[in-house]
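Peer 1: After the structure tokens below, expect a handful of questions from me.
Quick note: the coordinates plus some simple rules give every number you see, no bench work behind them. Keep in mind that this is a model prediction, so the values were computed, not measured. Here Cβ is always computed from backbone atoms with ideal geometry, including for glycine, and neighbour counts include all displayed protein chains.
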Amino acid sequence: MKPTIAFVGVGRMGANMARRLHAQGYAVTVVYDRHALSAQELAAEIGARVCTELAAVTAAADIIFTVVTDDAAQRSICPATGDSLLTAAAGKIFVNCATLSPAVHVEFEAAAAKVGAHALEACMASSIPQARAGTLYLMCGGDQAVFEKIKPVLVELSDQGKLLRYIGPAGSAGQVKALVNMVMNINTAGLAEGLGLGATLGLDPKMLLEVFSQTGANSRVVATDGEDMINRDHSCYFSASHAAKDSGIALALGTEKGLALPLAAATKAQYDRLVALGCGIEDKSSIAELTFPGRKGTS
């Protein structure tokens, strides 16, 4: 028998993960989201039930995926008192897919263990299309026995397991995810500066993208973000506000270890400025608004 599944947080990523598992024959029994309409629409689509109480979510499924915004949101769904996912949670497995501070993953694993439940972090290094197609890059941390137990479910989300990695104990996958996003954000900011300077010099930006892709200036963001920066198409796949948050997680890890991360700090400052300009809900490619001549951050 396949385990039953619940989702807490059904925004762009959570909803598409739920759709994928539903399409693969898993019973997604309940969904929960602070934005009631998102939950209602998805529930109607996949035949799930909307829960308005967290304890009811846990009661209705074997495995509960949480895909929330940040540390505060994660803590809000598992408080020590009041309505909580941890109420009567013995035997349940929680899979935390949000980008959180590694310490919060460790904290939640301990809280789950206290009530006889298990928690696994499954950090995602992919975006909306991959969530829907089941080709997420998943980095997992926690008890390896728990990982092996629910691996068949995770395989359906990660290109039949080709993109699935067990990293180590709780918090370790969160550390790796912080580094992934730190480097990605630095690359994105660097690409925006290169294209912005090129535009100021009167160079053809499309020619620059081609040259970048064929030289040491290449990175994955050249392909994913370059055209969007040129065309000012900032439809959101990974928001500027999340980029700022995730760069902050990496900076905090550096501070804990007494390590200066000047490029990460400069990148976070750029994304913080972008958020202050009202672009936080736009894609991270909107950082080009701070570098291209005549745009929001340069005019």
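Peer 1: Give the aspartates and glutamates whose C-alpha is closer than 13 Å to that of LYS2, dropping any in the same chain fewer than 8 places away, or say none.
Peer 2: Filter leaves ASP62, GLU156.
Peer 1: For a paramagnetic label modelled at 7 Å from the Cα of ARG295 toward its Cβ, which residues of the stretch 197-212 fall within the zone defined by backbone nitrogen distances under 12 Å?
Peer 2: It comes to 197-200, nothing else.
Peer 1: Between rounded, prolate and oblate, where does the stretch 121-225 land on the alpha carbon gyration tensor, with a ≥ b ≥ c its root eigenvalues, rounded for a/c under 1.5, else prolate if a/b exceeds b/c?
Peer 2: Because a/c hits 1.5 or more and a/b exceeds b/c, the stretch 121-225 counts as prolate.
Peer 1: Relative contact order of the stretch 205-283: what whole-number percent is it, with Cα pairs under 8 angstrom and at least 6 residues apart?
Peer 2: Relative contact order here is 35 percent.
Peer 1: Could you work out the relative contact order of the chain? I mean the mean sequence separation of Cα pairs under 8 Å and 6+ apart, divided by the number of residues, in percent.
Peer 2: The normalised contact order for the chain reaches 13 percent.
Peer 1: Compute a Gaussian network model of the chain, connecting alpha carbons closer than 10 Å, and tell me which residue from ILE46, ILE64, ILE249 fluctuates the most.
Peer 2: Result for the chain, Cα springs under 10 Å: ILE46 fluctuates most.
Peer 1: Sticking with this one: Placing +1 on the Cβ of each Lys and Arg and -1 on the Cβ of each Asp and Glu in the stretch 5-169, which of VAL68, ALA15, ASN96 has its Cα farthest towards the positive end of the resulting dipole?
Peer 2: ALA15
Peer 1: Just grab the label-to-label distance for ALA269 and ALA113, each label 7 Å out from Cα along the Cβ direction, in nm (one decimal).
Peer 2: Once both label points are built, they end up 4.1 nm from each other.
Peer 1: Pairs to check: LYS162/LYS206; LYS206/LYS284; LYS177/LYS268; LYS268/LYS296; LYS162/LYS284. Give those whose C-alpha atoms are more than 25 Å from each other in this structure.
Peer 2: Violating the 25 Å limit, Cα to Cα: LYS162/LYS206; LYS162/LYS284.
Peer 1: Name the residue farthest towards the positive end of the dipole of the chain from the options SER127, TYR137, ALA217, assuming +1 on Cβ of Lys and Arg, -1 on Cβ of Asp and Glu, about the Cα centre.
Peer 2: TYR137
Peer 1: Sort all Cα-Cα distances of the stretch 5-169 into consecutive 10 angstrom bins from zero, then give the percent of pairs in each bin up to the one containing the longest distance.
Peer 2: Reading upward from the zero bin: 11, 45, 38, 6, 0.
Peer 1: Based on DSSP H assignment, which helices of the chain show an axial Cα extent of at least 30 Å together with a mean Kyte-Doolittle hydropathy greater than or equal to 0.5?
Peer 2: Answer set is 172-200.
Peer 1: Residues in the stretch 220-250 near a label at ARG34, defined as backbone nitrogen under 18 Å from the 7 Å Cα→Cβ point?
Peer 2: Output list for this probe position: 239-246.
Peer 1: With +1 on each Lys and Arg Cβ and -1 on each Asp and Glu Cβ, how big is the dipole of the chain about its Cα centre, in debye rounded to the nearest 20?
Peer 2: 280
Peer 1: If you don't mind, another one. Highest GNM mean-square fluctuation, the chain, Cα pairs closer than 10 Å: which of PRO152, PRO262, PRO129?
Peer 2: For the chain, modelled as a Gaussian network with Cα springs under 10 Å, the answer is PRO262.
Peer 1: Same structure, new question: According to the square roots a ≥ b ≥ c of the eigenvalues of the Cα gyration tensor, what is the shape class of the stretch 175-290, taking rounded for a/c under 1.5, prolate for a/b larger than b/c otherwise, and oblate for the remainder?
Peer 2: prolate
Peer 1: Helix-only estimate, please: 222 nm mean residue ellipticity of the chain, summing -39500 (n - 2.57) across DSSP H runs of length 4 or more and dividing by its residues, to the nearest 500.
Peer 2: After summing the helix terms and dividing by the residues of the chain, the value is -15000 deg cm²/dmol.
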